[in-house]
Amino acid sequence: MKLIDTASMKEAERRADAAGLSYYQMMENAGQAAFSLLAGRFSLPGRRVCLLCGRGNNGGDALVMARLLAGAGAEVCLYLTDGAPRTAEAKQALQNLAGAVSPAPLEQVPQGERFDLLVDGVYGTGFRGELDPFHRTLFAWARGAAPFVLALDIPSGVETDTGLVADGALRADLTAAFAAAKQAALLRPGREWMGECAVLDIGIEEGQLAALTRAAETADEGYLRAQLAPLSPLSHKGTNGRLAAVCGSDLYRGAAALAAEAALRTGVGYLTLCSTERVCQLVSLRSPETVLRPLSGGEEGQLCPGDLPDLWAGTEGADALLIGPGLGRSDGAGELVGELLGRFAGPVLVDADGLYHLARHPQWLAKRRGPTVLTPHLGEMARLIGESAGEIGKNPLACATRWAAEWGAVVLLKGHNTAIAGPDGALAVNPTGGAGLAKAGSGDTLSGILAALLAQGTPPFVAAVCAAWLHGRAGDLCQADRSARSTLPRDLPGRLGDIFAQLGI
């Protein structure tokens, strides 16, 4: 499914208008489509329907609906929440009511009115910031005035591009998204306000929407089936991907164990772990399929520059390299990160402590000779770019997009709205996962999944999108069985087999 931002939607409408589909015709089409959506779900004759119409084109869509609802025998109450329409198209829609409905200016919130259905056409995609006291009170009344609320394009009080929700926003049971789903349809908390989302055709050609560079996509089961083929019956361990993992330290042995098991459960054919002896001892017990390359390490229980010759030998023949989970933050471990980024020519995934060292030495990215995937959470991203995690979290899609282009890397920005961006402008939002993943070690399992897909030859952006979906889906299954509270990162790899079996891959 494609997700579109406000600027892209405006551009699509501009192109459609230039091609002969007028703005008013798009409004008529939107109102007709939303009317048909309601008519397909409810018997309209005699039903009391309230429409809240703002001053812009979202209100114009509702005005078109009012005319059609009245013609279908509904008892229509039409409120102009912010006075007379201000756009030419909305003014035309009001004129076309031609006495079918008498709109009423809304100077104060109605009292005691009750309806069967309520249509929200107040703000649409243009809302930003906070609601004023009048609209907060109005929307509180509206939610109690009818058992079913239909939002046109997006619920009033929800920001289209960020999914941020203003205090007092009007929660919908059904959202009629015109031409394409808006980004807030998958961004928390906004998606919780939208109810069911139905994408309606308003006459804009599919090619015009597909050409928009800022349109994001989201993965689903069909996407994974299309991108990840079943392992060939003629394959062997050498053809199913060779992965080298530079992970773990004496203090963070579990990180390497979690990443290793996740990579193996994703089907990687040959996994080599380069780490300290104590880490290798743990992983040998947890995942005996792992090929171990125990290294001496330094006094801090972390890998050090003296380990580089043996470590580099451990990467020989690897199709991809994973650096960072549990590695440690010593200067010596950092030197290894820099050397590996400069030497390894295949795909490299950098996570956790690898990102810590990269933040201290951003010039290392310029040394890369192959594809790079970075998987920061908000705090790690804040360290990398020098901005606050709070600001990044307000619009993770924009942040990931900007820095993927800047770094020439795929960026998987983890959070309750996980965004994946490619250096070519590709953008995706991950729809899976929940609170059960908000635990230390969860990111290590994601790294193992993603690194395995890279080793199997999956293109980096596609690998990141698929890995995020698989990781989140595993979390969803665990959460359904044992609650978000009791889901642990070590539970996730074991559910991957169920997912792959269900998908047939």
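The values are calculated or read from the model by the stated rules, or taken from the named source; none is laboratory data. Model, not experiment: these values are computed from the prediction. Cβ placement follows ideal geometry from the backbone for every residue including glycine, while neighbour counts extend to all protein chains displayed.
Couple of notes before you dig in:
- Scanning the range 125-157 for residues that are under 28 Å from the mean Cα position of the chain (by Cα) and of a type in the set (A, V, I, L, M) yields LEU131, VAL149, LEU150, ALA151, LEU152, ILE154.
- Complete set of residues in the range 273-314 that are among the polar types (S, T, N, Q) and surrounded by fewer than 21 Cβ atoms within 10 Å (Cβ to Cβ): GLN281, SER284, SER296
- Of the helices (runs of 4 or more DSSP H) lying entirely inside the range 160-273, the ones with 1 or more residues being in contact (Cβ under 8 Å) with a residue 40 or more places away in the chain, under 30 Å from HIS357 (Cα atoms) and not aromatic (Phe, Trp, Tyr) are found at 253-265.
- Selection over the range 322-378 of residues that are aromatic (Phe, Trp, Tyr) and either closer than 23 Å to ASP250 by Cβ or touching a residue at least 60 places away in the same chain (Cβ under 8 Å) (or both) gives a count of 1.
- Within the range 122-136, the residues that satisfy the criterion of being closer than 18 Å to ALA172 by Cβ and in a helix (DSSP H, G or I) are GLY124, THR125, GLY126, HIS135, ARG136.
- Selection count where residues are out of contact with any Leu (no Cβ under 6 Å at 6 or more places or on another chain), assigned to a helix (DSSP H, G or I) and of a type outside the set (S, T, N, Q), scope the range 415-448: 6
- Flag if ALA484 is part of a helix (DSSP H, G or I), buried (at least 24 other Cβ atoms within 10 Å of the Cβ) and in the same structural domain as VAL246 (by TED's automatic domain parsing): no
- Of the numbered criteria (1) more than 27 Å from ALA166 (Cβ to Cβ); (2) surrounded by fewer than 21 Cβ atoms within 10 Å (Cβ to Cβ); (3) touching a residue at least 24 places away in the same chain (Cβ under 8 Å), the one ARG128 fails is (1).
- Matching residues in the range 268-291 - criterion: being within 17 Å of ASP319 (Cα to Cα) and touching a Leu at 6+ places or on another chain (Cβ under 6 Å): VAL268, LEU271, LEU273, CYS274, THR290
- The listed residue being surrounded by 24 or more Cβ atoms within 10 Å (Cβ to Cβ), of a type outside the set (Phe, Trp, Tyr) and part of a helix (DSSP H, G or I), out of ALA405, ALA463: ALA463
- Test: residue in the range 90-97 that is in contact with a helix residue (DSSP H, G or I) (Cβ under 9 Å, 6 or more places away or on another chain), in contact (Cβ under 8 Å) with a residue 24 or more places away in the chain and either assigned to a loop (DSSP other than H, G, I, E, B) or on the phi > 0 side of the Ramachandran plot (or both): yes
- Test: LEU21 is in contact (Cβ under 8 Å) with a residue 24 or more places away in the chain, within 32 Å of the chain's Cα centre (by Cα) and not in a helix (DSSP H, G or I): yes
- Selection status of GLY190, touching a Gly at 6+ places or on another chain (Cβ under 8 Å) and assigned by TED's automatic domain parsing to the domain that holds ALA352: no
Results for (1) buried (at least 22 other Cβ atoms within 10 Å of the Cβ); (2) touching a Lys or Arg at 6+ places or on another chain (Cβ under 6 Å); (3) among the acidic types (Asp, Glu); (4) not in a helix (DSSP H, G or I), shown as yes or no for each residue.
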| site | (1), (2), (3), (4) |
| --- | --- |
| PRO325 | yes, no, no, yes |
| ARG329 | no, no, no, yes |
| ALA333 | yes, no, no, no |
| LEU341 | yes, yes, no, no |
| ALA345 | no, yes, no, yes |
| LEU349 | yes, no, no, yes |
| ALA366 | no, no, no, no |
